[in-house]
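The next block holds one structure in the form of structure tokens; read it before the comments.
The values are calculated or read from the model by the stated rules, or taken from the named source; none is laboratory data. Bear in mind that the values here come from a model prediction, so they are computed numbers and not experimental data. Note that we place each Cβ from the backbone using ideal geometry, even for glycine, and neighbour counts take in every protein chain shown. Heavy atoms of the whole protein, side chains included, go into the accessibility calculation; ligands, DNA and RNA do not. Shrake-Rupley method; radii C 1.70, N 1.55, O 1.52, S 1.80 Å.
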Amino acid sequence: MASNYLAVLEALDTARTQWYHIKAIVIAGMGFFTDAYDLFCISTVSKLLGRLYFSDGNSTDPGKLPTNINNTVTGVALIGTLAGQLVFGWLGDKLGRKRVYGITLILMVICALCSGLSFGYSPKAVIGTLCFFRFWLGFGIGGDYPLSATIMSEYANKNTRGSFIAAVFAMQGVGIIFAGLVSMIVSHLFLTANPAPPFHEDHVLSTQRNADFAWRIVLMLGALPALLTYYWRMKMPETGRYTAIIMGNAKQAASDMGRVLDIEIQEEQEKLVMFKANNDYPIRSRKFYKRHGRHLIGTMSTWFLLDIAFYGQNLTQKDIFPVMGLTKKANDVNALEEMFLTSRAMFIIAMFGTFPGYWFTVAFIEKIGRFYIQLMGFFLMSVFMFIMALKYDYLATKENRWVFAGLYGLTFFFANFGPNSTTFVLPAELFPTRVRSTCHAMSAAAGKAGAMVSAFGIQTYTLKGEKSKIKKAMIILAVTNMLGVFCTFLVTETKGRSLEEISGEDGSKDKAEEKMSNRGRRQGQET
């Protein structure tokens, strides 16, 4: 370890796992629970919105959201998320992780509640209100990505850091499960109270009037978990790394972390001045790009490619479920029954495919490593997608629907025991403290750009449930995952090393660069 390494950083890196770490995982993780619930519950209610507001009395099919409106309803939150990631990620480095952390939560609570309101009764008013508040909901969600990852990485010790960050992110899986479960319960309760004939028997009565309350309740319940964790989030102290390295307050950092870790830590203000001087270069500098440029390109490109595939699967599953036979055809059910069946199928896939993958990553990330888990995940997702695409006509039959569902579930499993988790972990570890939140935000924003490709591009292939187009979508996703395999080689393994060793803040990269410079000078003099 370099001689100028600070005692507060050494204490954080070697601290035993204790109650405070668990509490930090829960507090940060509940934010991700809310994020996932809010982003994915829209898939369970979008078909209901089509029946309620876009029905044509003369049509032989139930009402559907027009393609452009469907893509906007499901994708507008992703646009907000991208913007929020960049803004709050930058603010997290400028103003402090804790100071900005509470703002994101307040925004999420207010906008989740308002997503269930409407300024008018017309389809235009309802959809307009919904899209407006879901954009700002996404903006708040966006801030949670870089801040939660950065806070957890800066609190954790070097031997369990990957597992802790992955555990925070694993709450996304719980949020997706609850998005399906809550939608399933709400739709079932409304369906029990409001029975109705299927669409083919009665085009009008098959859409229950009270169903208009069901989707609003599902969206508004997303405010509850965020509201419950606000107090505890505000009680968290600023991270020791931010207080020491960015604020330059060694005394406060030693006091805060000493209290949290229940140990006495030396202040070392003079050593801190030297530490800051050695690492005082901006993100837009030749030195940054020389040291971290390849890694930034790697984290941005892999997250971009991953989210094309991951959100493509999540946003289009409502259209693929009928092909699998997990839900009934729209003409054979009423509005609330369709919502219930879609939610149930989403819940089953999430419970047995999505959810376990997150926790496999938590269990094995410190043993296998981030790099190999990401490489394996991208490769196997690509393999399963290619199999489903090439054998689609065989699998998309009643006899083989459970084989299809199994393969589909495996793609979710290896997304989460793979790049969906590691693309969140790596940007929180690879970059220096003063730009860690910003670099994580840039990587996450690249991911949301990929998600928007799915929402506004891939999703158009699946909306009508045409087998030939769904097959094309799966081939596109398989190729995307294979590109992710190659881009993974732009990042490096980080397990078992301190954040300062990884980023070069401990002076190791300065020594290496100085050695190379001296060698170059000697060779120049010899020639």
For this session: Starting from segment 364-379, keep only residues that are under 13 Å from F413 (Cβ atoms), then list their pairs with residues that are among the basic types (K, R) and crowded, with 24+ Cβ neighbours inside 10 Å whose Cβ atoms are within a distance under 6 Å, requiring at least 6 positions of separation or different chains.
Result: none
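Taking the stated definitions as given, is M300 over 30 Å from G63 (Cα atoms), open to solvent by 20 Å² or more (accessible area, probe 1.4 Å), modelled with pLDDT under 85 and not basic (K, R)?
Details: over 30 Å from G63 (Cα atoms): yes; open to solvent by 20 Å² or more (accessible area, probe 1.4 Å): yes; modelled with pLDDT under 85: no; not basic (K, R): yes.
Answer is no for this residue.
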For this session: Show the residue pairs that are 6+ apart or on different chains and have beta-carbon atoms under 6 Å apart, the first residue being within segment 245-256 and free of Cβ contacts under 8 Å to residues at least 60 places away in the same chain, the second being of a type in the set (S, T, N, Q).
Result: N249/T243; Q252/T243
For this session: Quick one: in segment 48-62, of everything that is in contact with a Ser or Thr (Cβ under 9 Å, 6 or more places away or on another chain) and buried (at least 23 other Cβ atoms within 10 Å of the Cβ), which residue is farthest from Y101 (Cα to Cα)?
Result: P62
For this session: List the number of the failed condition for T462; all other conditions in (1) closer than 30 Å to T160 by Cβ; (2) in contact with an Asp or Glu (Cβ under 7 Å, 6 or more places away or on another chain); (3) hydroxyl-bearing (S, T, Y) hold.
Result: (1)
For this session: Mind listing whichever residues of segment 387-434 are β-branched (V, I, T) and surrounded by fewer than 24 Cβ atoms within 10 Å (Cβ to Cβ)?
Result: I387, T397, V403, T433
Exercise. For R286, which of the numbered conditions (1) of a type outside the set (G, A, S); (2) open to solvent by 80 Å² or more (accessible area, probe 1.4 Å); (3) modelled with pLDDT under 80 fails to hold?
Worked result: (3)
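Name the residue, out of F190, F178, that is open to solvent by 30 Å² or more (accessible area, probe 1.4 Å) and over 26 Å from the mean Cα position of the chain (by Cα).
F190
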For this session: Among what's in segment 150-175 and is over 18 Å from W359 (Cβ atoms) and not acidic (D, E), pick the residue that is surrounded by the most Cβ atoms within 10 Å (Cβ to Cβ).
Result: T150
Problem set entry | Close pairs from segment 196-217: first in contact (Cβ under 8 Å) with a residue 60 or more places away in the chain and closer than 22 Å to N58 by Cβ, partner basic (K, R) and surrounded by 13 or more Cβ atoms within 10 Å (Cβ to Cβ), Cβ under 7 Å, at least 6 apart | T207/R51
Exercise. Do we have G484 as modelled with pLDDT of 90 or more, in a helix (DSSP H, G or I), in contact with an Asp or Glu (Cβ under 7 Å, 6 or more places away or on another chain) and open to solvent by less than 20 Å² (accessible area, probe 1.4 Å) here?
Worked result: no
For this session: Please state which of the following conditions K329 fails to meet, knowing it meets all the rest: (1) at pLDDT below 90; (2) basic (K, R); (3) within 30 Å of S443 (Cα to Cα).
Result: (3)
Exercise. Of (1) under 19 Å from G143 (Cα atoms); (2) open to solvent by 20 Å² or more (accessible area, probe 1.4 Å), N68 satisfies all except one. Which?
Worked result: (1)
Exercise. If you go through segment 331-361, how many residues are among the hydrophobic types (A, V, I, L, M, F, W, C) and closer than 30 Å to M376 by Cα?
Worked result: 11
Problem set entry | Qualifying position, being touching a residue at least 24 places away in the same chain (Cβ under 8 Å), farther than 28 Å from G84 by Cβ and within 19 Å of the chain's Cα centre (by Cα), among F424, F414, F456 | F414
Exercise. What single numbered condition from (1) under 20 Å from A170 (Cα atoms); (2) in contact (Cβ under 8 Å) with a residue 24 or more places away in the chain; (3) not small (G, A, S) fails to hold for V45?
Worked result: (1)
For this session: Using the structure shown, decide if W136 is in contact with a Cys (Cβ under 7 Å, 6 or more places away or on another chain) and crowded, with 17+ Cβ neighbours inside 10 Å.
Result: yes
Problem set entry | helices (runs of 4 or more DSSP H) wholly inside segment 1-116 that include at least 2 residues being within 21 Å of G450 (Cβ to Cβ) | 19-40, 42-53, 67-94
Exercise. In segment 193-231, what count of residues is obtained for those that are open to solvent by 40 Å² or more (accessible area, probe 1.4 Å), under 19 Å from K47 (Cα atoms), assigned to a helix (DSSP H, G or I) and not aromatic (F, W, Y)?
Worked result: 2
Exercise. Since M108 meets every condition but one in (1) closer than 30 Å to S206 by Cα; (2) crowded, with 22+ Cβ neighbours inside 10 Å, which condition does it not meet?
Worked result: (1)
Exercise. In segment 430-448, how many residues are hydrophobic (A, V, I, L, M, F, W, C) and either over 10 Å from M300 (Cα atoms) or in a loop (DSSP other than H, G, I, E, B) (or both)?
Worked result: 3
